2 protein chains.
Amino acid sequence: MTGWFFLVLAVGAGSVFLYVAAQRRSRQAGSAPPAENNHIEPGPPPPVPDSDAESFDVWGFNDTKFEVDRTGVVQISGARYELSGHKLPSLFKWFQGVIGIEIDPTDTRPSEYGGRIAPSRAPQSLRDALAERFAAEQVSDDDEQRLRHGHGHTQEEMYAIKFGAIPRIPDLVVWPDDEEQVVELVKIAQRMDACLIPFGGGTNVTDALRCPVDEERPIISVDMRRMNRVLWIDPQNKMACIQSGAVGRHIMEQLAKHGFTMGHEPDSVEFSTLGGWIATHASGMKKNRYGNIEDIVLDFNMVTSGGRIARSGVAPRESVGVDARRYVLGSEGSFGIITQAIVRLFPLPEVQEYGSVLFPSFEQGVGFMYDLAATTDVPASVRLVDNLQFQFGAALKPENGGLGKLLSKLQKFYVLKMLGFEADKMVACTLVFEGGREEVRRQEATVYRIAKEHGGFKAGPENGRRGYQLTFSIAYIRDFVMKHWVLAESFETSMPWDRVLDLCERVKARVNEEHRKRGLPGTPFISCRVTQIYSTGVCVYFYMAFYYKGVENPAHVFCEVERAARAEILAAGGSLSHHHGIGKHRENFLPDIMSPAMLEWNRGAKRAVDPGNLFGASNQGLGRMAEGAVKGSDDA
Amino acid sequence: MTGWFFLVLAVGAGSVFLYVAAQRRSRQAGSAPPAENNHIEPGPPPPVPDSDAESFDVWGFNDTKFEVDRTGVVQISGARYELSGHKLPSLFKWFQGVIGIEIDPTDTRPSEYGGRIAPSRAPQSLRDALAERFAAEQVSDDDEQRLRHGHGHTQEEMYAIKFGAIPRIPDLVVWPDDEEQVVELVKIAQRMDACLIPFGGGTNVTDALRCPVDEERPIISVDMRRMNRVLWIDPQNKMACIQSGAVGRHIMEQLAKHGFTMGHEPDSVEFSTLGGWIATHASGMKKNRYGNIEDIVLDFNMVTSGGRIARSGVAPRESVGVDARRYVLGSEGSFGIITQAIVRLFPLPEVQEYGSVLFPSFEQGVGFMYDLAATTDVPASVRLVDNLQFQFGAALKPENGGLGKLLSKLQKFYVLKMLGFEADKMVACTLVFEGGREEVRRQEATVYRIAKEHGGFKAGPENGRRGYQLTFSIAYIRDFVMKHWVLAESFETSMPWDRVLDLCERVKARVNEEHRKRGLPGTPFISCRVTQIYSTGVCVYFYMAFYYKGVENPAHVFCEVERAARAEILAAGGSLSHHHGIGKHRENFLPDIMSPAMLEWNRGAKRAVDPGNLFGASNQGLGRMAEGAVKGSDDA
């Protein structure tokens, strides 16, 4: 007995000793982040190759356009996108069915782009003053450059530049090299009584770049894209300092070289700039993982008419009283020129996966999204399209033969015949998962579990991936259909969860009613998708289109219908915008959502900060009255 | 053969049939959130019982005070906190050791509180105007009420009310009932040329409530705490609308009754108000899970001199141009009176657990926090105290006998003797985990894995829980030690990760140097903890104290030393404040961190929005110059 006792004691003591020894050894490891910080200073980005030239008269890259042959087969030119170069046999026919018009593919409207460009009003004194500080290549009065800098991508503007005119455009375009030059430019403009309008990617859809028609001062468009550098990357503190004219796709490439991402990926990421994102209070596709712009930007510099807005250091979060920078978010060029920003960085995700789910109805899809939003396993991106957009996605499928076609037919058979989904009711949800392997696995498990509870059918990663890839090529469609006598536009809103279904129905009904009321040809295309989710609600994106041949002042009529849709949105409890912003396009609605004192606060702040209206883009009704700027899209 | 073939086919077809049938059945479930929304409208909160009366001359509830008997044993009166009523035998002695002075527990400084209160200057005309709109109980000129409404909880103010004087205090206190009455009050103040200063919990530590000494107009303190209702709860959209005078502890109780939380828990939550949180850009202990105030608040109403700032609806997120509300965050009463806010709600967590880890050194603890911040498993709260604060926590342990004492000694033996931790180097990390069961389990696994990599020893939930419970009772210590001839204060900052260790060392060294330089008695108590983590950096909280008997103008001297510490913080890359704010206490530093144009922007906005300086608290240098307000703490 005694022997056993001592044996147990010895084993016990020995175990304790070994355990403690192991603990002590493992405790030598680990240390604090090094005090020496190694900032990375990437060089300037590579110059933009000619092959990446952008179109001036339509969206996007010059090498990419939708085309249709005389048999109605659509194809995207070039080789840039996944869909490029493939024949799309179903699209044209499907679309005619939706808008109720037989469209002759050879019947196109000739564009008169560039035909009516107002000459530059820039006086020689201003040109001379600029020449003292800027190199010749940094200043231009070229007609097409000035026209391009005088508009964004609303349908009204895209229509006007081809079939009407833009009555007032910038008189000069200047490309500053650095913050010092921006300060100089502001001084020159003040001295010479010129008006400054900052320009990033020119992708806004709010008429934000439209020059006030009655602006008598020479207008200088300040194109920020020579200020396109990632100035430094701080890997330890996970921050980077980036100039405001850096374009999204270049930012992504440069950060990725060092293993990081900003995580901000709006649909315009190929062209829009960091300064533009700040100025429009932007949102990105993967905000569930990375946050919206207000979560990503830690600090920024801005040049105003009173001088430089700048801070001495950066903090992860601070409380330093009233913060002008918070007020600049969404200011759309009204207060000054943003020159650079410090942003949060995230390590590139370990894993990126796609997914998709089919739901029998939009209602069930929304129910799925509601339950998903209440979990901590929300993927980087979740989008739910309605039936019409689901059909649209199917119509964008390239023709395929053989096994691919057979499998596609089998899946269709299974879903429609076996599961009982209805072809004119079913909807699709696409998902992007990003993160650590375990994290993504968990998100997938949660997503598909909840999807099943709402009648969803898991449709595989390929459909999801396709859905997201389509985003960037679909942007080219609007300009394509415009020459085939169809006007199209997207508009978006946000709302609490309980308003979603009612709002979507009401907007669709209202658009149909407005279309019918005006005796417009055919039927309108009106489709929606839930494109972002929050615990408190969602963002909904609408696409609207209709045939306009034979319609007088069609862009203006389209505007009216869109305005009616927006009124319906507000009445149904939706916001004026989730992320596109206000510009001039929606400024007339501001009194519907803001108390008079709130509007006056904004005007007072503008008067205080920019008393001379140097930054005269005149968005949101700040500065000169904007009535003149929204007229005249069809006026020659 | 043929038989087998048909058998396999039959089994196969049968399986497919059964599978599909099962799929169809399960797909009938699920639906969207109901269109009918059932807002909950809780009644008014229960009246505050007499037992919850707050002290006027010291922090906190009247029933709780630290006391020490002649043998040096400390005890907290009452029964409110976990620590209340227990004998704390080690504290007094330990503290004497740290500050290098033998303190006689019977040697206390008698308070002259209430002895020198400036009479009300409110003219009869103003009183009459108020009497037309407000009930008698809503207006007071009582001396002690006015004094209480004329200060917050900086050491300078707490010293002044007992041993000096506050030269300028409100002339009247008014308690409005609702937003309409606030609008009326603003009109009366404008008509009668009075000055308005909103008041919530009165817990600020920035001199934000100190009245400008040279304010000639009658000053009305607008105490918002009769506007204390949760107006509605929207369980479906996870939002609630709450009046700005609602106090943190009541908000928590009322929301919890319905299964929700706002998640905002600053150390002052027992007393501070929703309006105060917005006005100071507050941060809460569990921001890792729930966000800071800017993440929680979706909308709020405010009454300004120009009228009501209000919005027509609420959205989860929107981009509607310049947003005055974003500018009001952190405005500390400079622009108007916040009346109510819509906030996000979270369901109460399924699970709440505590944890603690001991580290051999502060450096290893910070290394642990850095690696933890890079994961997606960050618990609701993580705090790391330095060695001095760790000792302080130990000194706050009630005496215990028997098994508890034995276990405590065993743990100490193990840690010091077996693991080789050093008593004067070791530090502690306390953690709060909240969330779903799986989620919390995952966070715990990650936390303890990383802790081990940095030499950490898992010290159990009890130490963690104790650490957090201490937070609320520790707040009473400062006023206790003040009468024992010790001045104490906390101050905080935020900084990127790579600045943490250097900044903490430099601040401690600077405080010691300033103390020595002034020939102050004993040695200063200076301790820090990392109290919040972000991917980009941290918040660090400092406690400072020193003996002041025999020191002339001690509160002023303390201020000087604190200011030197702040200068050191800024030089070492820290911010002016993570969450306390600026008030008057730090406004002189604003030019060190903001460019002149940025400061002028703020002043310009103030002039535009409140040209008559109706809201004359004069924080952050907005409104009248604040020089007079920070003088005079020792002047009679």
_Name the residue that is nearest to B:Asn292 (Cα to Cα), counting only residues in the stretch B:581-610 that are more than 8 Å from every other protein chain (Cβ to nearest Cβ) and part of a loop (DSSP other than H, G, I, E, B)._
B:Gly583
_Identity of the residue in the stretch A:216-238, farther than 26 Å from A:Gln124 by Cβ and more than 14 Å from every other protein chain (Cβ to nearest Cβ), that ends up surrounded by the fewest Cβ atoms within 10 Å (Cβ to Cβ)_ = A:Leu231
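Rundown of residues vs (1) of a type outside the set (S, T, N, Q); (2) part of a helix (DSSP H, G or I); (3) at pLDDT 95 or above; (4) in contact with a strand residue (DSSP E or B) (Cβ under 8 Å, 6 or more places away or on another chain), yes/no style:
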| residue | (1), (2), (3), (4) |
| --- | --- |
| B:Val538 | yes, no, yes, yes |
| B:Ala555 | yes, yes, yes, yes |
| B:Glu560 | yes, yes, yes, no |
| B:Ser575 | no, no, yes, yes |
| B:His578 | yes, no, yes, yes |
| B:Leu614 | yes, no, yes, yes |
| B:Arg624 | yes, no, no, no |
| B:Ala636 | yes, no, no, no |
*Qualifying positions in the stretch A:462-475 - more than 21 Å from A:Ser283 (Cβ to Cβ) and either part of a strand (DSSP E or B) or in contact with a Ser or Thr (Cβ under 6 Å, 6 or more places away or on another chain) (or both)*: A:Asn463
*Among the residues of the stretch B:316-326, write down those that are outside any loop (DSSP other than H, G, I, E, B), within 7 Å of chain A (Cβ to nearest Cβ) and under 19 Å from A:Ala282 (Cβ atoms).*
B:Arg326
_Residues of the stretch A:26-52 satisfying the condition of being modelled with pLDDT of 90 or more and within 30 Å of B:Gln364 (Cβ to Cβ)_ = A:His39, A:Ile40
*Of the numbered conditions (1) within 24 Å of A:Val183 (Cα to Cα); (2) of a type in the set (Gly, Ala, Ser); (3) within 14 Å of chain B (Cβ to nearest Cβ), A:Ser244 satisfies every one except a single condition; which is it?*
(3)
*A:Val357 passes all but one of (1) touching a residue at least 60 places away in the same chain (Cβ under 8 Å); (2) under 20 Å from B:Pro316 (Cα atoms); (3) among the aliphatic types (A, V, I, L, M); which number fails?*
(2)
*Can you run down the residue pairs with Cβ atoms below 7 Å, 6 or more apart or on separate chains, where the first is in the stretch B:526-538 and in contact (Cβ under 8 Å) with a residue 24 or more places away in the chain and the partner is among the acidic types (Asp, Glu) and buried (at least 24 other Cβ atoms within 10 Å of the Cβ)?*
B:Ser527/B:Asp386; B:Cys528/B:Asp386; B:Arg529/B:Asp386
_Scan the stretch B:259-279 and tell me whether some residue there is within 14 Å of chain A (Cβ to nearest Cβ), more than 22 Å from A:Val320 (Cα to Cα) and part of a strand (DSSP E or B)._
yes
*Output for the stretch B:581-607, where each listed residue is of a type in the set (S, T, N, Q), more than 24 Å from the chain's Cα centre (by Cα) and surrounded by fewer than 22 Cβ atoms within 10 Å (Cβ to Cβ)*: B:Ser595
*Would you mind listing the helices (runs of 4 or more DSSP H) fully within the stretch B:330-417 where at least 2 residues are surrounded by 21 or more Cβ atoms within 10 Å (Cβ to Cβ) and touching a Gly at 6+ places or on another chain (Cβ under 8 Å)?*
B:362-373
*Residue satisfying all of: in the stretch A:110-168; free of Cβ contacts under 8 Å to residues at least 40 places away in the same chain and assigned to a helix (DSSP H, G or I); surrounded by the most Cβ atoms within 10 Å (Cβ to Cβ) among these*: A:Gln145
*Is the stretch B:483-503 home to any residue that is under 25 Å from B:Val58 (Cβ atoms), surrounded by 17 or more Cβ atoms within 10 Å (Cβ to Cβ) and within 13 Å of another protein chain (Cβ to nearest Cβ)?*
yes
_Residue that is surrounded by the most Cβ atoms within 10 Å (Cβ to Cβ), among those in the stretch B:507-533 that are within 25 Å of the chain's Cα centre (by Cα) and either assigned to a helix (DSSP H, G or I) or of a type in the set (A, V, I, L, M) (or both)_ = B:Val507
*Considering only residues that are assigned to a loop (DSSP other than H, G, I, E, B) and touching a helix residue (DSSP H, G or I) at 6+ places or on another chain (Cβ under 8 Å), look in the stretch B:74-97 and name the one that is surrounded by the most Cβ atoms within 10 Å (Cβ to Cβ).*
B:Leu83
*In this structure, does A:Glu489 turn out to be of a type in the set (Asp, Glu), in a strand (DSSP E or B) and either in contact with a strand residue (DSSP E or B) (Cβ under 6 Å, 6 or more places away or on another chain) or at pLDDT 95 or above (or both)?*
yes
*Look through the stretch A:561-580, keep the residues that are surrounded by fewer than 22 Cβ atoms within 10 Å (Cβ to Cβ) and touching a Gly at 6+ places or on another chain (Cβ under 9 Å), and return whichever of them is farthest from the other protein chains (Cβ to nearest Cβ).*
A:Glu568
*Restricting attention to the stretch A:229-238, does a residue exist that is in contact with a Lys or Arg (Cβ under 9 Å, 6 or more places away or on another chain) and under 30 Å from B:Cys539 (Cβ atoms)?*
yes
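Only one of A:Lys409, A:Lys458, A:Lys452 is free of Cβ contacts under 8 Å to residues at least 40 places away in the same chain and within 11 Å of another protein chain (Cβ to nearest Cβ); which? Steps first, answer last, please.
Numbers: A:Lys409 fails: within 11 Å of another protein chain (Cβ to nearest Cβ); A:Lys458 fails: free of Cβ contacts under 8 Å to residues at least 40 places away in the same chain.
When all the criteria are applied, what remains is A:Lys452.
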*Considering the stretch A:397-418 alone, what residues qualify as being closer than 25 Å to A:Ala451 by Cα and either modelled with pLDDT of 85 or more or among the small types (Gly, Ala, Ser) (or both)?*
A:Ser408
*Looking at B:Gly467, B:Gly436, which one is of a type in the set (Gly, Ala, Ser), at negative phi, within 14 Å of chain A (Cβ to nearest Cβ) and touching a residue at least 24 places away in the same chain (Cβ under 8 Å)?*
B:Gly436
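Conditions tested, residue by residue: (1) buried (at least 22 other Cβ atoms within 10 Å of the Cβ); (2) part of a loop (DSSP other than H, G, I, E, B); (3) among the aliphatic types (A, V, I, L, M).
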| site | (1), (2), (3) |
| --- | --- |
| A:Leu196 | yes, no, yes |
| A:Arg210 | yes, yes, no |
| A:Ala240 | yes, no, yes |
| A:Ala256 | no, no, yes |
*Of the residues A:Ser272, A:Ser319, A:Ser305, which single one is over 22 Å from A:His578 (Cα atoms), surrounded by fewer than 24 Cβ atoms within 10 Å (Cβ to Cβ) and among the small types (Gly, Ala, Ser)?*
A:Ser305
*Can you name the condition, by its number, that B:Ala282 falls short on among (1) in a loop (DSSP other than H, G, I, E, B); (2) in contact with a Gly (Cβ under 7 Å, 6 or more places away or on another chain); (3) buried (at least 22 other Cβ atoms within 10 Å of the Cβ)?*
(2)
*Can you name the residue in the stretch A:550-560 that is more than 13 Å from A:Asn588 (Cβ to Cβ), in contact (Cβ under 8 Å) with a residue 12 or more places away in the chain and surrounded by fewer than 22 Cβ atoms within 10 Å (Cβ to Cβ) and, of all such residues, is farthest from the other protein chains (Cβ to nearest Cβ)?*
A:Gly550
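The values are calculated or read from the model by the stated rules, or taken from the named source; none is laboratory data. Being a predicted model, the structure only gives us computed values, none of them experimental. Positions of Cβ are generated from backbone atoms using ideal geometry, with glycine treated the same way; all protein chains shown enter the neighbour counts.
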